[in-house]
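Readers should treat all values here as calculations from the given coordinates under stated rules, not as data from a laboratory. All of these numbers come straight from a predicted model, not from anything done at the bench. Please note: Cβ atoms are built from the backbone with ideal geometry, for glycine as well, and neighbour counts cover all protein chains shown.
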Amino acid sequence: MKILHIIPSLAPRYGGPSAAAIGMCRAIGSRGLDACIATTNADGPGVLPVVTGRLIPYEGIAAIFFPRVGEGFKYSRPLAQWLATEVRGHDLVHIHAVFSHSSLAAARACRSHGVPYLVRPLGSLDPWSLAQKAWLKRAILTVEGRAMLNGAAALHYTTEDERRLAEQATGPLPSVVVPLGVDDYVLAEQPPPPGDRRPVVVAMTRLHPKKNLETLVEAFSLAVAGSGLTSWKLVIAGDGGAAYRKRLLELAAGFGIHARVMLPGWVDGAAKSALLHEAAVFAVPSHQENFGLGLLEGLAHGVPAVVSRAVNLAPDVERAGAGWITGESVAEVAEALRVAMRDSSDRAQRALAARSLAQQFGWSRVGARLEETYRAILAASRRPEAAGPALQSASVSSGRGQ
């Protein structure tokens with residue numbers, strides 16, 4: 001089975017979506033499926049240092065990159081031209097994102113050649129997301145976006161909450177819920193016990209206003225002010241715009257905590273593991289998060305999390321007792337951080353729950369669910385009348401019990 005994944009970019013600066021697409025290809029590749037990714041070389045204002053126009057190995061997968069024009073829409077005529085002819089050589093196409101040129105071009109090519117495809121919206125159909133640059137998104141949906149969604153064999157959501165919120169905009173289209181995953185070797189490791197952790201709150205995320213990081217900085221300053229939590233530090237690890245990074249550092253200086261707030265940039269590999277082995281609390285105060293891959297990695301390393309209710313994985317964290325659920329305001333986040341930082345015995349219990357929850361999301365399990373989903377869609381494409389039952393049998397709410 002040949003599966004083609006389409007995503008606007010694989011650069012690490014774009015955070016979870018890029019990492020998830022790579023993780024999916026590795027997971028299904030380990031099951032014997034022929035998987036590759038077609039994308040652009042976008043990397044913020046610059047470009048990734050990769051060869052374009054031919055298949056190359058990238059992060060353990062096969063990928064083909066094309067030059068792009070512009071950052072927001074990531075327009076790439078060479079990618080669209082390649083898709084127009086090469087899509088037909090694949091059994092199924094998995095499209096990541098909605099409001100990007102690569103997604104629209106891939107869906108158009110699939111419909112032209114009768115190739116079934118899924119669309120993973122990445123939370124972009126959430127009411128909060130649709131309200132950002134609303135006029136532009138309405139225009140894209142009107143011109144071609146709705147045809148892409150309506151023509152999909154299924155929309156791929158990563159949580160039930162993401163599906164519920166998206167259906168306010170899409171209506172009841174065919175859909176599956178398959179979560180994202182974490183590397184199985186991480187789940188097999190024994191993380192440091194809570195007593196060996198350092199007084200560090202970590203946020204591992206793309207630097208973007210959607211992540212509510214200004215609130216996190218101010219909330220941290222309130223949580224430690226006059227509370228005896230003088231040894232605690234805040235580490236915000238991730239990449240993003242230089243202006244936004246500067247804004248966060250200026251905020252920290254303004255609150256008098258500049259020596260206790262660090263922005264080391266994007267961390268990966270051994271540096272990421274070291275940071276997560278050190279941290280005592282993970283923070284995800286986002287305005288909207290359709291899953292939270294960084295959050296899952298933190299849980300897998302035994303780090304209990306302060307999570308806003310706008311994170312679609314929050315209900316799982318709450319049910320498992322793997323963290324503290326909060327609102328998005330400064331006062332709410334500050335109180336949740338204060339509670340988390342003060343009580344080491346509570347952190348220890350929640351750390352165990354965090355590991356237990358993460359065990360349900362290994363990439364090997366997710367890869368099996370993806371393969372099941374793909375096979376169900378291909379079977380349904382040959383027997384259209386069976387599409388509903390086939391897709392329903394392939395769906396999974398969040399990995400629990402799988």
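How would segment 66-110 be classified by its alpha-carbon gyration tensor: rounded, prolate or oblate, with rounded meaning a/c under 1.5 and the a/b versus b/c comparison settling the rest? Intermediate results must be reported in sequence, preceding the final value.
Details: a/c = 2.67, a/b = 1.51, b/c = 1.77.
Since a/c reaches 1.5 but b/c is at least a/b, the shape of segment 66-110 is classed as oblate.
Quick check: the angle from helix 330-342's long axis to the longest principal axis of the chain, C-alpha only, nearest 10 degrees? Helix 330-342 sits at roughly 70 degrees to that axis. Projected onto its three principal axes, the C-alpha set of segment 131-282 covers 55, 41, 26 Å, listed from the longest axis down. For GLU59, the shell of other residues with beta-carbons less than 15 Å away shows a net charge of 0, using +1 for Lys and Arg and -1 for Asp and Glu. Within the shell of other residues whose beta carbon sits under 10 angstrom from the beta carbon of THR40, the net charge comes to +1, with Lys and Arg scored +1 and Asp and Glu -1.
Both radii are taken from the alpha-carbon atoms of segment 270-309; with Rh as the Kirkwood radius, Rg/Rh is 0.97.
Using a cutoff of 8 angstrom between alpha carbon atoms and counting only pairs six or more residues apart, the relative contact order for segment 208-318 works out to 26 percent. By how many degrees, between 0 and 90 and to the nearest 10, does the Cα long axis of helix 101-113 differ from the longest principal axis of the chain? Relative to the chain, helix 101-113 is tipped by roughly 30 degrees. Think of the chain as a dipole: +1 on every Lys or Arg Cβ, -1 on every Asp or Glu Cβ, centred on the Cα centre; then among LEU180, PHE220, PRO285, LEU180 lies furthest on the positive end.
Positive contributions from Lys and Arg (+1) and negative ones from Asp and Glu (-1), summed over other residues with Cβ under 10 Å from the Cβ of LEU130, come out at +2. In terms of its Cα atoms, segment 85-198 spans 56, 37, 24 Å along the principal axes, sorted from long to short. For the chain, the longest principal axis of the Cα atoms and the long axis of helix 242-254 meet at an angle of about 20 degrees. With N the number of residues in segment 184-361, Rg(Cα) / (2.2 N^0.38 Å) evaluates to 0.93. Under the criterion of Cα pairs below 8 Å and six or more residues apart, the relative contact order for the chain equals 16 percent.
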